[in-house]
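Asks: Right, I'll just put the structure down here and ask away after.
The values are calculated or read from the model by the stated rules, or taken from the named source; none is laboratory data. Source: prediction; values computed, not measured. As a convention, Cβ positions derive from the backbone with ideal geometry for all residues, glycine included, and neighbour counts pool all protein chains shown. To get the accessible areas, we keep the full protein, side chains included, count just its heavy atoms, and leave off ligands, DNA and RNA. Shrake-Rupley method; radii C 1.70, N 1.55, O 1.52, S 1.80 Å.
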Amino acid sequence: MRGALLGLAALLAAGGWIRAASGEGKAGQAASVAAMSPDGAARGYPSHPITLIVTFPPGGGTDLLARRLGAALQQDLGQTVVVENRPGASGNIGAREVAQAAPDGYTLLMVNSSYAINPGVYRDLPFSPKHDLKGVINVAFVPSVLAVPASSPFHTLADALAAAGQGGKALAYASCGNGTPQHLAGEMLRIASGRQLQHVPYKGCGPALTDVLSGQVGIGIITASSAAPFLASGKLRALAVTSPQRSELMPSVPTVAEQGFPGYALDQWHGLLAPARTPPAVIAKLNAAVAAIMNRADTRQALLQLGYSPTASTPQAFQALIDNDIDRFGQLTARMGLHAD
């Protein structure tokens, strides 16, 4: 786009359409060309409401983050931010809508790391996750936690893994659903440990938690944000977190990597995307506005209490994370034979 604009400016100059005869004309014409440039596109941005598409239903963690962020952006940018939910097909419906939207910064996408899992699960996506959308900012990580009911005989990850395969019976673990980060976290542990683990998928973290709390399933791999109230009340006991570092919410709980599996790491991230051809200056303006929100003490404290680890990446760092996870999860889902179509 930038090359086309520069070529247009050169053509106008060659044709004598940009003149220096009149100071007023020269200034007006220069302003018009500037307004057409990628940098000029950000000067008046935003001039009308922004739509923020969420790829999951209302009430979940990604929706919660989007609504908190939308409210803060609306106040800081002085324009309405409308949050709209587009669930379905593991987030692919909403992602396709934004991928096909005008690349002007007025239609954005809020996703979590399921976005990077989907290319390995869905073979015929109607858009390219690497090329049709671009990272704006990563706003939070949330680890998953391996948790058992308070009555469980398991007090460490080693206890649980030692029981896997005893009597020829696999240890069942509950996750938030097929193809979710929690499912992949369990499969990564199964592969790394060589133990017999049996995946039991649920339609969301809530139903999985219900059966773990009741003892229907011996162990669950659940987002820390979902499990946090039950861990705080003592109804659940955490054996490990899947993140590369310990969670700020539960610093006494060791990581999986610390317990004999170096290199093991799976954080669920959340962030904003925009259509790929959105001007870099608009991306930069959005990134700066959201980073300021995420770095506020009140925002950080509120998200930490909900189980999130707030962050504020550059667009380049977020895109690198997305691309790396698409490749990494693609290899894992291929090894698992996990396909939805």
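Asks: Criterion first (under 20 Å from the mean Cα position of the chain (by Cα), surrounded by 18 or more Cβ atoms within 10 Å (Cβ to Cβ) and touching a residue at least 40 places away in the same chain (Cβ under 8 Å)) does Ile293 satisfy it?
Replies: Yes; evaluated as a whole, the condition is true for this residue.
Asks: Now a separate question. Identify all residues within region 249-273 that are outside any loop (DSSP other than H, G, I, E, B) and touching a helix residue (DSSP H, G or I) at 6+ places or on another chain (Cβ under 6 Å); write none if there are none.
Replies: Within region 249-273, Gln259, Gln268, His270, Gly271 meet the criteria.
Asks: Go through region 61-88 and count every residue that is free of Cβ contacts under 8 Å to residues at least 60 places away in the same chain and within 13 Å of Ser114 (Cβ to Cβ).
Replies: Total satisfying the criteria: 2.
Asks: Can you tell me how many residues in region 82-108 are open to solvent by 20 Å² or more (accessible area, probe 1.4 Å) and more than 11 Å from Thr278 (Cα to Cα)?
Replies: 13
Asks: Residues in region 321-337 that are part of a helix (DSSP H, G or I), open to solvent by less than 60 Å² (accessible area, probe 1.4 Å) and not charged (D, E, K, R): how many?
Replies: 8
Asks: Between Pro149, Pro153, which is over 20 Å from Thr333 (Cβ atoms), open to solvent by less than 20 Å² (accessible area, probe 1.4 Å) and in contact with a helix residue (DSSP H, G or I) (Cβ under 8 Å, 6 or more places away or on another chain)?
Replies: Pro149
Asks: Under the condition of being in a helix (DSSP H, G or I) and under 14 Å from Gln182 (Cα atoms), which residue from region 213-240 is farthest from the chain's Cα centre (by Cα)? Write out each step before concluding.
Replies: We begin by selecting, within region 213-240, every residue in a helix (DSSP H, G or I); these are 213-214, 224-233.
Still in the list and also under 14 Å from Gln182 (Cα atoms): 224-227.
Numbers: Ala224: 15, Ser225: 14, Ser226: 16, Ala227: 19 Å.
Within region 213-240, the match that is farthest from the chain's Cα centre (by Cα) is Ala227.
Asks: Could you tell me whether any residue of region 297-304 is touching a Gly at 6+ places or on another chain (Cβ under 8 Å), in the same structural domain as Arg67 (by the TED database) and either open to solvent by less than 20 Å² (accessible area, probe 1.4 Å) or not charged (D, E, K, R) (or both)? Reasoning before the result, please.
Replies: Applying the first criterion (touching a Gly at 6+ places or on another chain (Cβ under 8 Å)) to region 297-304 yields none.
No, the conditions are met nowhere in region 297-304.
Asks: Checking Ala140 against (1) out of contact with any strand residue (DSSP E or B) (no Cβ under 7 Å at 6 or more places or on another chain); (2) crowded, with 21+ Cβ neighbours inside 10 Å; (3) in contact (Cβ under 8 Å) with a residue 60 or more places away in the chain; (4) of a type outside the set (Val, Ile, Thr), which test does it fail?
Replies: Single failed check for Ala140: (1).
Asks: When you go through Met110, Met188 one by one, which is the residue that is in a strand (DSSP E or B) and among the aliphatic types (A, V, I, L, M)?
Replies: Details: Met188 fails: in a strand (DSSP E or B).
Among Met110, Met188, only Met110 is in a strand (DSSP E or B) and among the aliphatic types (A, V, I, L, M).
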